[in-house]
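> Let me give you the structure first, and then I'll get to my questions.
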Amino acid sequence: VLGLAAVAVAARGLGREALALSLAGLVAALRPEAVLWAGALALMPGREATLPRARALALALLPALGVAGVRLAVFGRLLPLAIYAKTPEIGHGLRYAAACALLTGPIALVAWQNLPGWIRGLQLAVVAHYLAIVLAGGDWMPLSRLAVTVLPTVVLGAAYVLGAGRLAWSLPRLGLALAGQLFAFVQAGPAAAAVGERRLAVIAELAPLLASSRSVAALDIGWVGVATDADIVDLAGITDPAVAALPGGHTSKRIPRSLLEAREVDTLVLLVRPGTAVAEPWHESAFARYVEEWLVTQSAADVHFALGGQSRPPLQNLVLRPPSV
């Protein structure tokens, strides 16, 4: 998606409007929150010959509308399942979009004098995308993932704006724009770089404990799926429509015990809150997400499951099995 978005704005900079909007339409088809970005590009004039407005909008929006039509025909829903799995919260979306704006540097795009129409189109597209992020309610995953699509637009537009301005103003603005990215590189970079190594360590530790499992319920199903061939109940609802339809966000689903029983879950994997120790008994521990707390307190997991093992910090995952297993 990032590659398509980059080539789309590059094509606009080269005056290849039909190519630019066709690729923008593909981006919107793959990432629904990019529809406003693609629509903004279609509404603004190109660098050279401008396409008729109707054709421009068709190129930018028809792919996404086609995907929505297929979704309606096949699944009975016009909107993506993600909308139901994580109900948008405008307040969270505002905080998420504000943080993304600080980190990705659109401040370098802020200018209003002597700008050609196609650069104003890039500015509008960036604003539209951040508005879409607000309306989507942000994201539960780290590292500003929803802002990635718009990064090439920010870079190309900022390069033009800074290059056309006075050096005395451009350099400080560029420094301000890069400050957020440098902060993220120093603050979040080391932790992000260690994610793969930490997940592999957890897999090595817990794979033997999961070897005999038939059905595992977990929130972080990525590493769990590598560690075992058992059926997996996705407590976040990302891959499970039945769980996605439950109220709450990805980390706050109220999973009924009946669902676990219907899926014949014989193993729970719960993450202990970082920085805390595993309590004795285990069910008095502080868990990382609401859905895990819910399972323990509301489903009386301590009665039906015993601690079968755990991984070491910083990712302390508890593997819980019925006492008879």
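> Just one of the numbered conditions (1) open to solvent by less than 30 Å² (accessible area, probe 1.4 Å); (2) more than 30 Å from GLY237 (Cβ to Cβ); (3) modelled with pLDDT of 90 or more is not true of VAL202; which one?
Checking VAL202 against (1) open to solvent by less than 30 Å² (accessible area, probe 1.4 Å); (2) more than 30 Å from GLY237 (Cβ to Cβ); (3) modelled with pLDDT of 90 or more, the one that fails is (2).
> Can you spot a residue in the range 205-222 that is among the acidic types (Asp, Glu) and under 23 Å from the mean Cα position of the chain (by Cα)?
Yes; the residues of the range 205-222 include at least one that is among the acidic types (Asp, Glu) and under 23 Å from the mean Cα position of the chain (by Cα).
> Hey, another quick one. Only one of these conditions is not met by ALA111: (1) crowded, with 17+ Cβ neighbours inside 10 Å; (2) part of a helix (DSSP H, G or I). Which number is it?
Failed condition: (2).
> Another one. Taking only the range 18-38 into account, find how many residues are in a helix (DSSP H, G or I) and either at positive phi or open to solvent by 10 Å² or more (accessible area, probe 1.4 Å) (or both).
So the answer is 11.
> Additional query: Could you please find all residues in the range 242-253 being modelled with pLDDT of 85 or more and surrounded by fewer than 14 Cβ atoms within 10 Å (Cβ to Cβ)?
Result: ALA242, single match.
> Regarding the range 133-144, can at least one residue be identified that is in a helix (DSSP H, G or I), open to solvent by less than 20 Å² (accessible area, probe 1.4 Å) and of a type in the set (Gly, Ala, Ser)?
no
> Could you grab me the full set of residues in the range 294-305 that are surrounded by 17 or more Cβ atoms within 10 Å (Cβ to Cβ) and modelled with pLDDT of 75 or more?
TRP294, LEU295, VAL296, PHE305
> What are the residue pairs meeting all of these: first residue in the range 105-118, first residue closer than 11 Å to ALA164 by Cα and of a type outside the set (Ser, Thr, Tyr), second residue crowded, with 22+ Cβ neighbours inside 10 Å and modelled with pLDDT of 85 or more, Cβ atoms under 8 Å, and 6 or more apart or on different chains?
LEU115/GLN123
> Inspect all residues belonging to the range 67-79 and state whether any of them is within 20 Å of the chain's Cα centre (by Cα), part of a helix (DSSP H, G or I) and at pLDDT 90 or above.
yes
> Scan (1) in contact with a Pro (Cβ under 8 Å, 6 or more places away or on another chain); (2) at pLDDT 95 or above for the single condition ALA38 breaks and write down its number.
Against the list (1) in contact with a Pro (Cβ under 8 Å, 6 or more places away or on another chain); (2) at pLDDT 95 or above, ALA38 comes up short only on (1).
> Among the numbered criteria (1) over 27 Å from GLU89 (Cβ atoms); (2) surrounded by fewer than 18 Cβ atoms within 10 Å (Cβ to Cβ); (3) in contact with a strand residue (DSSP E or B) (Cβ under 8 Å, 6 or more places away or on another chain), which single criterion is violated by LEU210?
The number of the failed condition is (2).
> When only residues in the range 39-59 that are open to solvent by less than 50 Å² (accessible area, probe 1.4 Å) and farther than 19 Å from PRO116 by Cβ count, which is nearest to the chain's Cα centre (by Cα)?
Ranking the candidates gives GLY39 first.
> Among the residues in the range 87-100, are any more than 30 Å from LEU178 (Cα to Cα) and not in a helix (DSSP H, G or I)?
yes
> For the range 83-108, give me the residue count where each residue is open to solvent by 90 Å² or more (accessible area, probe 1.4 Å) and among the aliphatic types (A, V, I, L, M).
Number satisfying all stated conditions: 2.
> Name the pairs: first residue in the range 29-49 and among the basic types (Lys, Arg), second residue surrounded by fewer than 23 Cβ atoms within 10 Å (Cβ to Cβ) and part of a loop (DSSP other than H, G, I, E, B), Cβ to Cβ under 6 Å, at least 6 apart or on different chains?
ARG31/VAL1; ARG47/GLY15
The values are calculated or read from the model by the stated rules, or taken from the named source; none is laboratory data. Bear in mind the structure is a predicted one, so any value in this text is a computation, not a measurement. Reconstructed Cβ throughout: ideal geometry from the backbone, glycine too, with neighbour counts over all protein chains shown. Only protein heavy atoms, including side chains, enter the accessible area calculation; ligands, DNA and RNA are left aside. Shrake-Rupley method; radii C 1.70, N 1.55, O 1.52, S 1.80 Å.
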